[in-house]
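The values are calculated or read from the model by the stated rules, or taken from the named source; none is laboratory data. Predicted model only: the values in this text are computed from it and were never measured. Cβ atoms come from the backbone with ideal geometry, glycine included; neighbour counts cover every protein chain shown. Keep in mind that these areas ignore ligands, DNA and RNA; they rest on the heavy atoms of the full protein, side chains included. Shrake-Rupley method; radii C 1.70, N 1.55, O 1.52, S 1.80 Å.
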Amino acid sequence: MDPAEERRHAKRQIDYINTIGFVADSEYKIPRRCPCGGGIIDEVRRKDDYDTLPGKRFFTCKNYEADGFHYRQPWVLGVQEEIERLTKRVEEAEQVMLRTSNLSKQIETLEEQVKILSEQVDYLTVQVATLEKVSFD
């Protein structure tokens, strides 16, 4: 094989390996679409399939082939990852709610301080006016 052909072949192999890696890395949560563009179906293994776990469920690409470019994800993993993602979102929302509650308390405290300071400014304004009257008389 000539060196140019070897380089092209090596490049194709690297592209193929990278593509399989990208597909594998994208298999998180409940898949909506396969990288090939095919839809995802909810597949349930039948009892006549050779399997120790008949009835096992998968999220599978309609165009599934065992070539590494199509999704066939166990249902349990997809649902578990989705639950973990949703749990994280709920925890984040709870943190926001706690911060909101704390901010409301801080706002109330600041409003009280502003009211007190406004009263002190009014009192000082009256005192300044009184002192100006005394000094001009």
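Modelled label-to-label distance, LYS115 and ARG46, 7 Å Cα→beta-carbon offset: nm?
7.6
How much FRET efficiency would the formula 1/(1 + (r/R0)^6) give for ALA66 and ARG89, where r is the Cβ-Cβ distance and R0 is 41 Å, rounded to 0.05? Please list the in-between numbers first.
Numbers: r = 34 Å, r/R0 = 0.83.
The computed FRET efficiency comes out at 0.75.
Just to be sure I understand: with springs between alpha-carbon atoms less than 10 Å apart, which residue in GLU43, GLU112, GLU82 has the highest mean-square fluctuation in the Gaussian network model of the chain?
Result: GLU112 has the largest fluctuation of those listed.
For segment 125-135, in order, what is each residue's ³J(HN,Hα) by Karplus, 6.51 cos²θ - 1.76 cosθ + 1.60 with θ = phi - 60°, in whole Hz (x at glycine and Pro)?
4, 5, 5, 4, 4, 5, 5, 5, 5, 5, 6
Once the principal axes of the Cα atoms of the chain are found, what is the range along each, listed largest first in whole angstroms?
The Cα atoms of the chain stretch 111, 52, 21 Å along their principal axes.
Could you go through segment 104-114 in sequence order and give the Karplus-derived ³J(HN,Hα) for each residue, using 6.51 cos²θ - 1.76 cosθ + 1.60 with θ = phi - 60°, rounded to whole Hz, and x for Gly and Pro?
Using θ = phi - 60°, the values come out as 4, 5, 5, 5, 4, 4, 5, 4, 5, 5, 4 Hz.
Using just the helices of the chain, give the 222 nm mean residue ellipticity in deg cm²/dmol: DSSP H runs with n ≥ 4 each add -39,500 (n - 2.57), and the total is spread over all residues, rounded to 500.
Details: 2 runs with 85 residues, N = 137.
Rounded to the nearest 500, the figure is -23000 deg cm²/dmol.
By accessible area of protein heavy atoms, probe 1.4 Å, what ranking do CYS36, CYS61 get, highest first?
Values: CYS36 65, CYS61 0 Å².
Result of the area sort, largest leading: CYS36, CYS61.
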